[in-house]
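Following: one structure in structure tokens, then a few remarks.
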Amino acid sequence: MIGFLQNLLDALSLGSLYALAALGIGLLFGILRLVNFAHGDFITLGAYALIVPSSADIATLLIGGWTWVALVPAVVVIVVVVALVSDALIFRPLRTGSAPTLMTASFALSFIIQNGILMIYGARPKAINLWSGLSDQVQIGPLTTPKLDLVVIGVTILLMLLLTFFLKRTRYGIQMRAAAENFRMARHLGVDANFVIGLAFAISGGLAATVSLLFVSQTGTLTQTMGQPIALFAFIATVVGGMGSLVGAVVGGFAVGIIVVMLQAYLPPDLRSFRDAFAFGLIILVLVARPSGLIPTRGLAERV
Amino acid sequence: MVAMLTVEGLSVNYGRLAALREVSIHVDPGELVCIVGPNGAGKSSLMNAIAGGVAPRAGSAKFENKELVGMRPEHIARLGMSLVPEGRQVFSTLTVEENLRLGTLIRRRSPDDELRLARIMRHFPRLNERRNAPAGTLSGGEQQMLVIGRALMTQPRLVMVDEPSLGLAPMIVDQVYEILRDLRQAEGLTLLINEQSSKRVLKYADRIYVLRGGVIRLEDSAENLQDGAAIVQAYFGFARPAANAGLPA
């Protein structure tokens, strides 16, 4: 039982990262019908922003050496700016483009960011030590866990509450929900398309930056493709949860996290190296049972 | 009198298909003008082009002397003109109140917003009862009331309503028209309404255009068209009536 609770805590921690990334992807999909494959690269960029730009093998901390009160906003601002610039330069000129066009553009953006990082920082993985105090173990009753897991879960809950408050209670949040459901009608009521889309990119970037920091303090390694596996799992989470539903993105993120961790823990040892095959097998089963996700969006199905 | 809305030579194409051919209409302040025509006549295209939803191929549309062609829909909405599109289009996951408030969110917060909301709730008591329900759970008639109320929240001087009767029971349609007429008096609105059936239009409109095949076939005051014969001719195109045909003998 204690073993199971321990695994559940791990699953919630991993699921939190997927849920945060899935929210970032789901938000842009909801508003723009853009499946943003560059989201993982926004995450990567946030991590690289911590060190001095140089191709040296040993990473020198820049922003990463600051106190967290300055570090977190700085990294968030950098990724948000990159997200907004991506919108202005790439996605705004493609506003009337089809969903596949937007998706292809996001692939292109993904490669541009990855190769940009390669050019500036070099190809070798870099070790980086961020918030090493967080890997200390803490005791909660019978469970032992690194502080980091608790921080990840806590930050995720906090951000989800903030996002919910923003979407339900503020004027821009209501505009975003309206735009996500029926963009044309929202515009006829005076909702500014470019502003709302920019806001979605900014929030998505902020979420990506948060994932960067939490992830890099877990792994301690920088590579130019580090964000991609998270974004891939997060994308799957948005599909499992129900494309276009933010609650679905969160539910899907946790579902995928729980599936992955529990398989790792309970598969027979011989089969563990094939964990992802089992994980995706389960995901296919979920999709066969519920093709439009765990929490389907009515707005998508009922478009007149 | 200077017209509130002036459309001149407006043409809209979808690919090679011409939806509107050099349509010219005008709406004067305080008028209730109806555009009647069969399905596919181009009525929705006309409203969409005026509201910035589709880009016309040629022509101009002016609201209070301001050129609308080339403007974005969200900017047109802020001029004081509101479109109530076909098929109601409530935001089904937002509550009734959020749907209504959306109309004010584009402006600076003002105490007038609350008064306005209260006034609209008085016009539509049913919406007040359901104010915290998701709009998707309302009946068709209630949704039609909601989109009209929502349009009014933007403080428009001109409201364009695209086929308010579509998919509603005749009794509900009558209610919708009664409300539009009341609102027109209470709020000093100017109304442009698309409709397929001419019967109701003759009862409520000041002036009527008949649109068929993307071309205006007839324009006259409702008074002159009361016996309906000229409208029927223009609507079905069995004979080519002259403009201002008046009452046939």
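Remarks
- Only residues that are assigned to a helix (DSSP H, G or I) and open to solvent by less than 10 Å² (accessible area, probe 1.4 Å) were counted in region A:28-48, giving 11.
- Residues of region B:107-129 satisfying the condition of being open to solvent by less than 30 Å² (accessible area, probe 1.4 Å) and either at pLDDT 90 or above or assigned to a loop (DSSP other than H, G, I, E, B) (or both): B:LEU117, B:MET121, B:PHE124, B:LEU127
- Just one of the listed residues (B:VAL90, B:VAL147, B:VAL159) is over 25 Å from A:GLY173 (Cα atoms) and crowded, with 18+ Cβ neighbours inside 10 Å, and it is B:VAL159.
- Scanning region B:130-139 for residues that are closer than 20 Å to B:GLN175 by Cβ and open to solvent by less than 30 Å² (accessible area, probe 1.4 Å), we see that the one that is nearest to the other protein chains (Cβ to nearest Cβ) is B:ALA135.
- Only residues that are closer than 14 Å to B:GLU8 by Cα and at the interface with chain A (Cβ under 8 Å from one of its Cβ atoms) were counted in region B:56-91, giving 0.
- One residue from A:LEU271, A:LEU285, A:LEU263 being at pLDDT 90 or above, hydrophobic (A, V, I, L, M, F, W, C), out of contact with any strand residue (DSSP E or B) (no Cβ under 7 Å at 6 or more places or on another chain) and under 16 Å from A:ASP10 (Cα atoms): A:LEU263
- Scope region B:198-226; condition part of a loop (DSSP other than H, G, I, E, B) and closer than 20 Å to B:ARG184 by Cα; matching residues: B:ALA205, B:ASP206, B:ALA222
- When each of A:MET176, A:MET185 is tested for being at the interface with chain B (Cβ under 9 Å from one of its Cβ atoms) and over 18 Å from the mean Cα position of the chain (by Cα), the lone residue that passes is A:MET185.
- Helices (runs of 4 or more DSSP H) lying entirely in region A:138-246 (those with 1 or more residues that are touching a residue at least 60 places away in the same chain (Cβ under 8 Å) and of a type in the set (D, E, K, R)): A:147-169, A:171-181
- For the residues B:ALA55, B:ALA61, B:ALA18, B:ALA3, the requirement of being among the aliphatic types (A, V, I, L, M), surrounded by fewer than 18 Cβ atoms within 10 Å (Cβ to Cβ) and part of a strand (DSSP E or B) singles out B:ALA18.
The values are calculated or read from the model by the stated rules, or taken from the named source; none is laboratory data. Since the model is a prediction, treat every value here as computed from it, not as a measurement. When we count neighbours, we look across all protein chains shown, and the Cβ atoms used for this are built from the backbone with ideal geometry, even at glycine. Please note that ligands, DNA and RNA were not included when accessible areas were found on the heavy atoms of the full protein model with its side chains. Shrake-Rupley method; radii C 1.70, N 1.55, O 1.52, S 1.80 Å.
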